[in-house]
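Please read the structure below before turning to the comments.
Rule-based calculations on the coordinates, nothing more; no lab input. As the structure is a computational prediction, the values presented were derived from the model and not from experiment. Virtual Cβ from ideal backbone geometry, glycine too; neighbours counted across all protein chains shown.
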Amino acid sequence: MVEFVELTSVDNPEYSQAIEIYEEAFPLAERQPVRVIRHRISTGLYKAYVGRLEETGEVVSLAFLWPFKDSDFILLDYLAVKKLVRGQNVGAAYLASMVEVLKPQQKYLLIEVDNPRFAPDESEATRRIAFYQRNGAQLMKDLRYLLPPAQGNEPTEMMLMVFPQYKTPQIEASRVRDLIIQLYREAWERGVDDPYLNEFIDDVADPIELV
């Protein structure tokens, strides 16, 4: 069994185990430097969770969440499962636990996923989207989203998802544009004049269907 607990201190030994999983799971261009992760947890900008085996206490998953200011959306910035336990429903168990937290608050996770058309491994990107959909997330259909580079100078073509199921079958383009601008500003410290943002933001148009 895996239990999910909030990680509130970078001095906790579980933090080091979580960082090992983080560095294993994400390519360099999508990873914030570890010093940034450390700062965000230390200052409370992140809500950080680890999944640990009840039998041994070993950390086998991590989730870093960024609550947007004055919003009903929370960015699921990173979710990763240790390679040795992938395929054992650890990620699904975490999402199920989040439903109990999010629904009473009427909050939703905003999830960034690789666009399969541009991903290094198309089948893996497709499986990841299907995994989220099986567990109650919805894809913003045909919406292009560029993830600005955390390190380097190449953005990543991605898509956005909402978890759990949204209150309506569509979401207004103006709402999505505001969310993306807020994401760029708060999580990436990039303004409305950012070239990556302006490459796609004007193309966000109604209707945006959730599938």
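Tabulated data for the structure shown
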quantity	calculated
Given (1) farther than 16 Å from Glu6 by Cβ; (2) surrounded by 14 or more Cβ atoms within 10 Å (Cβ to Cβ), number of the condition Arg52 does not satisfy	(1)
Near pairs, Cβ below 6 angstrom, 6+ apart or cross-chain, from segment 110-124 (touching a residue at least 60 places away in the same chain (Cβ under 8 Å) and more than 23 Å from Tyr184 (Cβ to Cβ)) to any residue that is in a strand (DSSP E or B) and hydrophobic (A, V, I, L, M, F, W, C)	none
Of residues in segment 30-48 being under 15 Å from the mean Cα position of the chain (by Cα) and not basic (Lys, Arg), the one nearest to Ala125 (Cα to Cα)	Glu30
Odd one out for Ile37, checked against (1) surrounded by 20 or more Cβ atoms within 10 Å (Cβ to Cβ); (2) out of contact with any Phe, Trp or Tyr (no Cβ under 9 Å at 6 or more places or on another chain); (3) in a helix (DSSP H, G or I)	(2)
Filtered residues of segment 49-91 (kept if under 14 Å from the mean Cα position of the chain (by Cα) and in a helix (DSSP H, G or I))	Gly91
Number of the condition not met by Glu112 [criteria: (1) at positive phi; (2) within 15 Å of the chain's Cα centre (by Cα); (3) acidic (Asp, Glu)]	(1)
Those residues of segment 1-30 which are part of a loop (DSSP other than H, G, I, E, B) and either in contact with a strand residue (DSSP E or B) (Cβ under 8 Å, 6 or more places away or on another chain) or among the β-branched types (Val, Ile, Thr) (or both), in sequence order	Met1, Thr8, Val10, Phe26
Segment 137-149 residues that are without any contact (Cβ under 8 Å) to a residue 12 or more places away in the chain and at positive phi, paired with ones that are surrounded by fewer than 20 Cβ atoms within 10 Å (Cβ to Cβ) and in a strand (DSSP E or B) (beta carbon under 6 Å, 6 or more apart)	none
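Let's see how each residue does on (1) assigned to a helix (DSSP H, G or I); (2) more than 16 Å from the chain's Cα centre (by Cα); (3) surrounded by fewer than 15 Cβ atoms within 10 Å (Cβ to Cβ):
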site: Glu124; (1), (2), (3): yes, yes, yes
site: Leu143; (1), (2), (3): no, yes, no
site: Leu146; (1), (2), (3): no, no, no
site: Asp193; (1), (2), (3): no, yes, yes
site: Ala205; (1), (2), (3): no, yes, yes
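Residues are listed down the side, and each one gets a yes or a no for (1) charged (D, E, K, R); (2) more than 20 Å from Asp77 (Cβ to Cβ); (3) in contact with a strand residue (DSSP E or B) (Cβ under 9 Å, 6 or more places away or on another chain):
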site: Ile111; (1), (2), (3): no, no, yes
site: Tyr132; (1), (2), (3): no, no, yes
site: Lys141; (1), (2), (3): yes, yes, yes
site: Ala150; (1), (2), (3): no, no, no
site: Glu154; (1), (2), (3): yes, no, no
site: Gln165; (1), (2), (3): no, yes, yes
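So that you can scan it fast, the table gives a plain yes or no per residue for (1) within 21 Å of Met98 (Cα to Cα); (2) touching a residue at least 40 places away in the same chain (Cβ under 8 Å); (3) not hydroxyl-bearing (Ser, Thr, Tyr):
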| position | (1), (2), (3) |
| --- | --- |
| Glu20 | no, no, yes |
| Phe26 | no, yes, yes |
| Arg35 | no, no, yes |
| His39 | no, no, yes |
| Ser42 | no, no, no |
| Leu45 | yes, no, yes |
| Gly51 | yes, yes, yes |
| Val60 | yes, yes, yes |
